[in-house]
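The values are calculated or read from the model by the stated rules, or taken from the named source; none is laboratory data. Small disclaimer: the values here were computed from a predicted structure and weren't measured. Cβ: placed from backbone, ideal geometry, glycine included. Neighbour counts: every protein chain shown.
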Amino acid sequence: MEMKFGNLHSGEAASLYTIQNGGITAKITDLGATLVELWVPDAAGNLADVVLGYDNAEGYEQNGGFLGATVGRNANRIGGARFPLDGKTCVLTPNEGENNLHSGPAPYNVRLWTVLDHEQDAVTLSLLSPDMDQGFPGNARITVTYRLDGEGGLHILYRGVSDKDTVFNMTNHSYFNLAGQEKTEKAIHQILSMPARHFCPDDAENIPTGEERPVAGTPMDFRVPKPIARDLDADYEPLHLQGGYDHNFEVFCSPCATLTDPDSGRGMAVYTDCPGIQLYSGNYLNQTGKGGVYYGKHSGIALETQFYPDALNKPNWKKPIVPREKVYTSETIYRFSWK
C-alpha cells in the first residue's frame, strides 16, 4: 500500500509504503528511505509501534535525530572531517565541531529516494549520489531493501557500486522502544545482552581513541543481560564524556545484540555482517514525535550496525573502502519475538 506522506520545502511530495508479513507491519517513506513505523505484537497479540519517528515528511525535514534514517555513504563519525584514499586526502564538511557525523550536511535522510519495487512484504528504494557528493569520490548507485520474512525478521539490505574507489558504510538509525514508542519512560529499562568482549572509548569529541578496551569489570559489559539503566549513570569516564552510552562494540558472533522488554514480552535480536555495532541510549533526544509524543533523553535505544567509527583514520581497523565497480552489499536483520 502506498499513501501520501506530505510535502517538502521544495514542493516535492513524499510517500509512505506499507509492507506486511507474519504479524509484523512496517511503514517506510521514500524521504530518506526511512523506517517510520514498525508494528509488532506482544505476548497477548496486542500490536505496538516500536520505533520512534514523525507523523509526516515535514517532521523529518524539520527535525533532527536521524530517527529511522538510512545513513550513508558513511555512518557515524570521521575525525577532522577528512581521511586518506588512494594517496589523496578526501575533505568533508565538518558538522559536529571539527568532525564529520553521518556524512555531513544534506544527508541521505532528507533526500527523496526512488522506489524501484514494492511488494506485499518488501520495498526497494534507490539513490544516485554523484561524484564528490559530500566530498566522497565516485558516482554511487545505492539501493536499500526492507523485507519482512514472515518469521519475525526485518531484513535491511544495502547495495552500492561506484565508478571510483569510495566509502560504503551504511546503517539504519532507528531508535527502538519495545514497550511501544509512546511509553518513553520504559526504553532504558529494556534488558540488553551483547556478547562483545571489547568496546571503543571515545575522546571528548566522540571520536574513538583507537583503543579496544575489554568490557570486563566496566559498566560497558552486557555479556550478562541487564537493564540499560542499571549502569547508565555509573562513575565511569566513557559514560561521562558521551552523556551515556554512545559507543562502538565489537561484533564477532550472531546475534550481536538482544533487546527485551520484560513487560510486553517483546524481544529483538540483531544479526549483521558488519564488524561493529553502536549502542546509543538517546542521550540528546529532544523532539516531539508521532502522535505528539515527546521524545526526551533516553526515550529510545539505537543499535546501529556499521564499521568502527573513524575506521578510515585508524591504521589497524577494517576500512569501509570499496574499489571501483565492485558491488558493496551489507545486510542487517532485526528479528522479533513475543512470548
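Quick notes
- Of everything in the range 272-316 that is among the aromatic types (F, W, Y) and within 22 Å of H189 (Cα to Cα), the residue that is farthest from the chain's Cα centre (by Cα) is Y294.
- Qualifying residue in the range 239-251 (condition: more than 16 Å from A204 (Cβ to Cβ), modelled with pLDDT of 95 or more and aliphatic (A, V, I, L, M)): yes
- Within the option set T258, T305, being buried (at least 24 other Cβ atoms within 10 Å of the Cβ), touching a Gly at 6+ places or on another chain (Cβ under 9 Å), in a strand (DSSP E or B) and among the hydroxyl-bearing types (S, T, Y) holds for one residue only, T305.
- Among the criteria (1) crowded, with 18+ Cβ neighbours inside 10 Å; (2) of a type in the set (S, T, N, Q); (3) closer than 22 Å to A187 by Cβ, the one N74 does not fulfil is (3).
- Identity of the residue in the range 145-182, among the aromatic types (F, W, Y), out of contact with any helix residue (DSSP H, G or I) (no Cβ under 9 Å at 6 or more places or on another chain) and in a strand (DSSP E or B), that ends up farthest from I24 (Cα to Cα): Y158
- In the range 1-26, the residues that are closer than 19 Å to Y60 by Cβ and not in a strand (DSSP E or B): L8, H9, S10, G11, E12
- Of the residues making up the range 284-299, not a single one is closer than 30 Å to D163 by Cβ, in contact (Cβ under 8 Å) with a residue 24 or more places away in the chain, in contact with a strand residue (DSSP E or B) (Cβ under 7 Å, 6 or more places away or on another chain) and surrounded by 19 or more Cβ atoms within 10 Å (Cβ to Cβ).
- Residue under evaluation G68, criteria (1) surrounded by 23 or more Cβ atoms within 10 Å (Cβ to Cβ); (2) on the phi < 0 side of the Ramachandran plot; (3) not aliphatic (A, V, I, L, M), criterion not met: (2)
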